[in-house]
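What follows is a short report on a single structure.
The values are calculated or read from the model by the stated rules, or taken from the named source; none is laboratory data. As the structure is a prediction and not an experimental result, all values here were calculated from the model. Every residue, glycine among them, receives a Cβ derived from its backbone with ideal geometry; neighbour counts consider all protein chains shown.
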Amino acid sequence: MQKLKLQMQMTTDGFVATPDGQLDWMTWNMDEKLKAFVMHLAETSGVILMGRKMAPGFVEYWEHALTQPGAESSFAPLMVNTPKVAFSRTLNHIDGKNVRVENRDLKEAVNQLKQTSAKDLIVYGGATFVSSLIEIGLIDELHLFVNPVAIGNGMRIFKGRTQLSLSSSTAYPCGIVVNTYQPK
């Protein structure tokens, strides 16, 4: 069975977005070592999971980036060509390449994907979706990218006490510290 990995940006005070969902606090000037780590996480994953709120913007962003020369041109094909599963109770379709909507029970659907995928699965967000995955114990590895900023309030992914085991912590020159945990 494959693992479900989380890659998520976070503030030093534990928020993943402002109260209205903004990400303007994130560090965008990642250094080459951190970019290589992000690429490694993506390349070792065969399916991207996401919530329905995040899916349209994510898909649109990467499909547009695919047509633009620049810093993200090497990462965009991976994001566009990797199969994506958007979980929704209300939608049956989301436009985009390699996107399908999953309406079944979250635990049942994710466990089936873990069993049938040739590679690990990765989830990037959104906050509510990730919180649901954590709450029912579906995430096997958490890669929390702690940005050097505190915002005071906002959205969290942990609803309560969650026991984790730290397996690594790496500080990068751009100021981000990546803490990798497994649930206890």
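Restricting attention to segment 98-131, report how many residues are without any contact (Cβ under 8 Å) to a residue 60 or more places away in the chain and within 15 Å of MET8 (Cβ to Cβ).
1
Do any residues in segment 158-184 that are under 20 Å from TRP28 (Cα atoms) and at pLDDT 95 or above have Cβ atoms under 8 Å from those of residues that are of a type in the set (Phe, Trp, Tyr) and part of a strand (DSSP E or B), where the two are at least six apart or on different chains, and which pairs are they?
The qualifying pairs are ILE176/PHE145; VAL177/PHE145; VAL178/PHE145.
Given (1) under 14 Å from the mean Cα position of the chain (by Cα); (2) surrounded by 13 or more Cβ atoms within 10 Å (Cβ to Cβ), identify the lone condition not met by LYS107.
The failed condition is (1).
Listed here are the residues, each with its yes/no results for (1) at pLDDT below 95; (2) more than 18 Å from GLY57 (Cα to Cα); (3) in a helix (DSSP H, G or I).
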| residue | (1), (2), (3) |
| --- | --- |
| GLN2 | no, yes, no |
| GLN9 | no, no, no |
| TRP28 | yes, no, no |
| LYS33 | no, yes, yes |
| PHE37 | no, yes, yes |
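Looking at segment 150-166, can you tell me whether even one residue there is hydroxyl-bearing (Ser, Thr, Tyr) and touching a Ser or Thr at 6+ places or on another chain (Cβ under 8 Å)?
no
Listed here are the residues, each with its yes/no results for (1) buried (at least 17 other Cβ atoms within 10 Å of the Cβ); (2) on the phi > 0 side of the Ramachandran plot; (3) touching a residue at least 40 places away in the same chain (Cβ under 8 Å).
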| position | (1), (2), (3) |
| --- | --- |
| PHE15 | yes, no, yes |
| GLY21 | no, yes, yes |
| MET26 | no, no, yes |
| LEU34 | yes, no, yes |
| ILE48 | yes, no, yes |
| PHE58 | yes, no, yes |
